[in-house]
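Structure record follows, encoded as structure tokens.
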Amino acid sequence: MSRTLVIASAQMGPIPRADTRKQTVGRLIDMMKRAKSLGADLVVFPELALTTFFPRWFFTDPAEIDSFFETEMPGPETAVLFETAARLQIGFYLGYAEIDGAHRFNTSIFVDRQGAVVSKYRKVHLPGHAEPQPGRTIHHLEKLYFEPGNLGFPVFRAFDGIFGMCICNDRRWPETYRVMGLQGVEVVMLGYNTPVGHTGYHDLDSLANFHNHLSMQAGAYQNSTWVIGTAKCGVEEGSLMIGQSCIVAPSGEIVAAARTLEDEVIAATCDLDAGLHYKQTVFDFAKHREPKSYGLIVERKGAVAPP
């Protein structure tokens, strides 16, 4: 029996700080409808898809900070998105800022065709700083506004396959994909907001687009999984963010890619069994992987200690 899905990546252009939730949710619904018109079974939205990328600013007013977070999901302003998904019979991944009691997370959820939340993920690898950096007008303060995720990298069953989630900077870390790969993941859904120039080193920042695709393609190939990467991009409140939303096959090949820095929906037919060929040959973990060797320390006379 074929396990083929049409999966869409719904890239978003900039979200101005002044835009309301209602306006932003309206854009998401428009793209969800576009994805459905392409035959999509599910659609992947970006990280922090309901607001501008607020960690670029240093806020001191608690009420102002709270305005970017969701206390429930769905909530009064987002319920229509879930209702539309149920009516269209389409699943979706959504990134947003979450308040859970005294805790704050950069979160994503997966919602099924009936509009029900199936799984939640909280971003583990937070980039940037915990306090404003001197001389910077555009900050990257995720460590100030969020704490590291406490749910690990779970996988779950949906659409007759095994799915997992991650967010933005997680894509750069091989552990992200490998932990899910060891659980047999077949589709990794990934939203991101990646500003250009956030490292402060021009030679690194000039390779932002290359590193974006490199990390997703390597993760897909080395773990025999589809990766659906979706950006929020363009010039948002004076900060340029990269696009390059894409759908990567278990071979590591990009099979669909966005061409703009605006709202754009791309889709691909994804055979979930495509990863099995790699899982049963090159990346047969049970047969070829040697985890016992990873912890070995080779002592060499005169070896240089790491810094």
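A few notes on this one:
- Looking only at region 106-154, and only at residues there that are over 16 Å from the mean Cα position of the chain (by Cα) and part of a strand (DSSP E or B), the one that is nearest to LEU81 (Cα to Cα): VAL117
- When region 26-51 is filtered for residues that are charged (D, E, K, R) and touching a Leu at 6+ places or on another chain (Cβ under 8 Å), the ones remaining, listed by number, are LYS33, LYS36, ASP41.
- Close pairs (7 angstrom Cβ cut-off, 6 or more residues apart or separate chains): among the acidic types (Asp, Glu) in region 47-63, surrounded by fewer than 21 Cβ atoms within 10 Å (Cβ to Cβ) and not in a loop (DSSP other than H, G, I, E, B) anywhere: none
Computed from the coordinates by the stated procedures, all read-outs in this text should not be read as laboratory data. As the structure is a computational prediction, the values presented were derived from the model and not from experiment. FYI the Cβ positions are ideal-geometry reconstructions off the backbone, even for glycines, and counts take in every protein chain you see.
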